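A quick write-up on the structure given underneath.
The values are calculated or read from the model by the stated rules, or taken from the named source; none is laboratory data. The structure displayed is predicted, hence computed values, not measured ones. Reconstructed Cβ throughout: ideal geometry from the backbone, glycine too, with neighbour counts over all protein chains shown.
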Amino acid sequence: MKELYHGDCLEIMKGLQEKTIDMIYLDPPFLTNKKHSLSSRDRTSHYSFDDLWACHKTYADFMLYRLIEAKRILKDSGTIFIHCDKTANHILRLVGEEVFGQDNFLSEIIWSYKRWSNSANNLTPNHQNILFFAKTDSYKFNKIFTDYSETTNIDQILQKRSRDAHNKSIYAREDDGSVVSADEKKGVPLADVWEIPFLNPKAKERTGYPTQKPILLLDRIIEISTDEGDLVLDPFCGSGTTLVAAKMKGRKFIGIDSSLDAIELSKSRLETLVKTESALLTKGRESYINADEKSLAILSGLDVLPVHRNAGIDAILKRNYQAKPVPIRVQRENETLYEAASKLSAAARKKGAKIAFLVATRKAQDLIEMKFDDHIVQIINSPALEIGSFIDEQWSKQLLNQTG
């Protein structure tokens, strides 16, 4: 079976046999009316595609014809996922319902991620939409379970639920009043909001192709909609993420794209499978939260942003100095003042800081510590050290007066 096709997906889908595809994922143009371009990390390859349209109707018609063909080649048990954002979401929802029917619209999946933006006059966009349709009511769906929320009461996990005479949910009890234990729990069924990190610029799987999606996102779509050996189609395959995810999951696949560069890139990725794992998903959000709590407590009262995943900086002032960030570090119990200042100095210079503050928590032990000279790092005493030093100084003066 041929796996990659170069050309218009409408014409190529017309050549595919009816009811042969188990799942279709498509990431079509987003109606941005822009030309998208990007280069690979080593600048040796450049990729681009046009997302330009005369009007909304032109775009709607373009998608309508392709969804009609997609429905024809889907098995009766098949499903389709249409990736979009706020720009074309309303159009694709209506076109999708026209082709597949309102009753076969299953869900709108929200792909949620954190991504920096310079949007000054609007809310920062931190999600995209995936419209989930079935061809018929006999569609395939594999239930996935996730972990319980940190706020879940343990009784909700351990105790069986039932309904009272007023149909209110209550904990089930035996005739003697004892609580009935719940059946074995698998977790919480997967919801329609998926928190999956956006590909960062240094991710191993990043190719430089515009709008590239993470394999982890396609992994989940493939898991809920297909079984091993099923056939997956991506009519706008781009960099080939869907195809790579399908191959890794033991699914068959077909990719189509009008760009020859995209087809060649997909071929290359399929030959050498690379996937970026996410600490957020494998270890949880807490894996990113590693700022020293004791240090942050010392900085309480300052208007700062805690810094995680940085060995030299504990926090950054929300207010810049000379248009540059102001890093702050608190001296640890197990490090000398010189060591703490050196770490802060190196980290501050990388951030382009003009000034940085080191909060000393204990007195310098020798002259080397006291002679740390750096025009960026300013050393100030913590309140505890300042008060302790003041008291020591007063005691010393008192003793001198007594002996004098």
Only one residue in Val193, Val232 is aliphatic (A, V, I, L, M) and surrounded by fewer than 13 Cβ atoms within 10 Å (Cβ to Cβ). Which one?
-> Val193
Inter-residue pairs, beta-carbon under 8 Å, first closer than 24 Å to Glu271 by Cα and in the range 1-15, second hydroxyl-bearing (Ser, Thr, Tyr) and at pLDDT 95 or above, 6+ apart | Ile12/Tyr5
Can you tell me which residue in the range 74-96 is farthest from the chain's Cα centre (by Cα), limited to those that are closer than 20 Å to Arg220 by Cα and of a type in the set (A, V, I, L, M, F, W, C)?
-> Leu74
Extreme residue, surrounded by the fewest Cβ atoms within 10 Å (Cβ to Cβ), among residues of the range 204-229 that are more than 26 Å from Ser258 (Cβ to Cβ) and among the hydrophobic types (A, V, I, L, M, F, W, C) = Ile224
Which residues, counting only those in the range 275-291, are modelled with pLDDT under 70 and either in a loop (DSSP other than H, G, I, E, B) or surrounded by fewer than 11 Cβ atoms within 10 Å (Cβ to Cβ) (or both)?
-> Ser278, Thr282, Lys283, Gly284, Glu286, Ile289, Asn290, Ala291
